[in-house]
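The values are calculated or read from the model by the stated rules, or taken from the named source; none is laboratory data. Note that this is a predicted model, so its numbers are computed, not measured. Using ideal geometry, Cβ is built from the backbone for each residue, glycine included, and neighbour counts are taken over all protein chains shown. Protein only, heavy atoms only, side chains kept; ligands, DNA and RNA dropped before computing areas. Shrake-Rupley method; radii C 1.70, N 1.55, O 1.52, S 1.80 Å.
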Amino acid sequence: HEGERARGDHLGGSRGWTIAICSLLFVAALLRVYGIQHGLPFAYNVDEQAHFMPRAIGMFGHGGNPDYFVNPPAFTYLVHLVLAVWFGGRDGVYQAYIDDPIAVWTAARLTAAAVAVLGLWLLWRAGIRLLGRPTAFIATGVMTFSFLAVFYSHQALNDVPTLAPIALCI
């Protein structure tokens, strides 16, 4: 208990911190979902247009290898899995992309946003272990409202979702 008092963990009790972090994560999710279809059906970010989502769709035609390793492929695999579940497999994804490409791009972008929020929760957990609840809450709050973290959560890119495995490793 001495360590908790020294780090400020005793302030507000466990229930207070749970309410605070859940509220912060809810706000983070809202910020990352609001405007997620901006610019669609065109992908104005060259990385979004050329890398993850198109490679994830391409994997339906030639197997589980994206044949692309300029960027780490974990996010490509995740988008491929989400698209397969969301649209019901290869034929569903192809038909959805023909009928309404905005829906396919939105699914990929929502995947990035969801992993970004998961990364914030993992940052919170890692911060508690390393520096205590007050510092973890501040760090999570900074990342929740950080312009680049919010902006890149609106793109089907691996920039922001990379926080999740990093925080998990910590």
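A few comments on the model shown:
- Among the conditions (1) out of contact with any His (no Cβ under 6 Å at 6 or more places or on another chain); (2) part of a helix (DSSP H, G or I); (3) modelled with pLDDT of 85 or more, the only one that residue 53 does not satisfy is (3).
- Residues located in the range 56-85, provided they are under 20 Å from residue 160 (Cβ atoms) and modelled with pLDDT of 85 or more: 56, 73, 74, 75, 76, 77, 78, 79, 80, 81, 82, 83
- Contact map, the range 82-105: first residue touching a residue at least 12 places away in the same chain (Cβ under 8 Å), second residue open to solvent by 60 Å² or more (accessible area, probe 1.4 Å) and assigned to a helix (DSSP H, G or I), Cβ cut-off under 6 Å, separation 6 or more or different chains; pairs are 104/97.
- Within the range 95-131, if we keep just the residues that are under 10 Å from the mean Cα position of the chain (by Cα) and of a type in the set (Val, Ile, Thr), the residue that is nearest to residue 49 (Cα to Cα) turns out to be 111.
- Residue within the range 59-67 that is surrounded by 13 or more Cβ atoms within 10 Å (Cβ to Cβ) and closer than 20 Å to residue 150 by Cβ present: no
- Residue match in the range 19-29 (condition: open to solvent by less than 70 Å² (accessible area, probe 1.4 Å), over 18 Å from the mean Cα position of the chain (by Cα) and not β-branched (Val, Ile, Thr)): yes
- For the range 79-98, filtered to residues that are under 18 Å from residue 158 (Cβ atoms) and among the hydrophobic types (A, V, I, L, M, F, W, C), the residue that is surrounded by the fewest Cβ atoms within 10 Å (Cβ to Cβ) is 81.
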